[in-house]
1. Within the set of pairs 6 or more residues apart or between chains, which connect a residue that is within 12 Å of Asn89 (Cβ to Cβ) and open to solvent by less than 20 Å² (accessible area, probe 1.4 Å) inside the stretch 57-77 to a residue that is of a type in the set (S, T, N, Q) and part of a loop (DSSP other than H, G, I, E, B) with Cβ atoms less than 9 Å apart?
2. In the stretch 43-56, what count of residues is obtained for those that are open to solvent by 100 Å² or more (accessible area, probe 1.4 Å) and either closer than 24 Å to Gln88 by Cβ or assigned to a strand (DSSP E or B) (or both)?
Amino acid sequence: MFLQNMGTGRAPQRKVSHVPVVDFDPLQIEYDERVLAPRPWTRMQSEWAAEIALRAPDGPVLELCSGAGHIGLEAARLSGRALVCVDQNPAA
C-alpha cells in the first residue's frame with residue numbers, strides 16, 4: 001500500500017510494510033500505524049451513536065477526528081445510515 005501526499009505537504013509518500021488489523025466484530029478494521037489503534041471498548045461509542053441516530057433527523061453519520069474510522073463504521077452499520085469521516089491527519 002502506498003500513501004500519497006495529496007498536496008498538503010504534511011505526509012511524505014512512503015511504503016507501509018505492515019497494515020495492522022483489529023477485529024471489531026463483525027468488521028475487520030485495517031488502519032495506518034500513525035493513527036490511534038482501534039480499541040474494542042470503543043464499540044460502546046458506536047452503539048451510543050447508533051441509538052442517537054434512531055432519534056436524529058435523516059442524513060449520514062458524521063465522524064469528526066475519525067482516525068481509523070472504526071467508531072463511525074460500526075455506528076453506520078448499526079444504524080443503516082451512510083457515513084462521512086473527517087480527519088485532519090492525512091494518515092487517517
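The values are calculated or read from the model by the stated rules, or taken from the named source; none is laboratory data. None of these values were measured; they are calculated from a predicted model. When we count neighbours, we look across all protein chains shown, and the Cβ atoms used for this are built from the backbone with ideal geometry, even at glycine. The protein model used for the area step is the full one, side chains on, heavy atoms only, and it has no ligands, DNA or RNA in it. Shrake-Rupley method; radii C 1.70, N 1.55, O 1.52, S 1.80 Å.
1. From the stretch 57-77, the pairs are Gly67/Asn89.
2. Residues flagged as open to solvent by 100 Å² or more (accessible area, probe 1.4 Å) and either closer than 24 Å to Gln88 by Cβ or assigned to a strand (DSSP E or B) (or both) within the stretch 43-56 amount to 1.
To keep it simple, each residue is scored yes or no on (1) over 15 Å from the mean Cα position of the chain (by Cα); (2) of a type outside the set (A, V, I, L, M, F, W, C); (3) at pLDDT below 90.
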| site | (1), (2), (3) |
| --- | --- |
| Leu3 | yes, no, yes |
| Met6 | yes, no, yes |
| Lys15 | yes, yes, yes |
| Val21 | no, no, yes |
| Leu27 | no, no, yes |
| Glu33 | no, yes, yes |
| Arg39 | no, yes, yes |
| Leu62 | no, no, no |
| Leu73 | no, no, no |
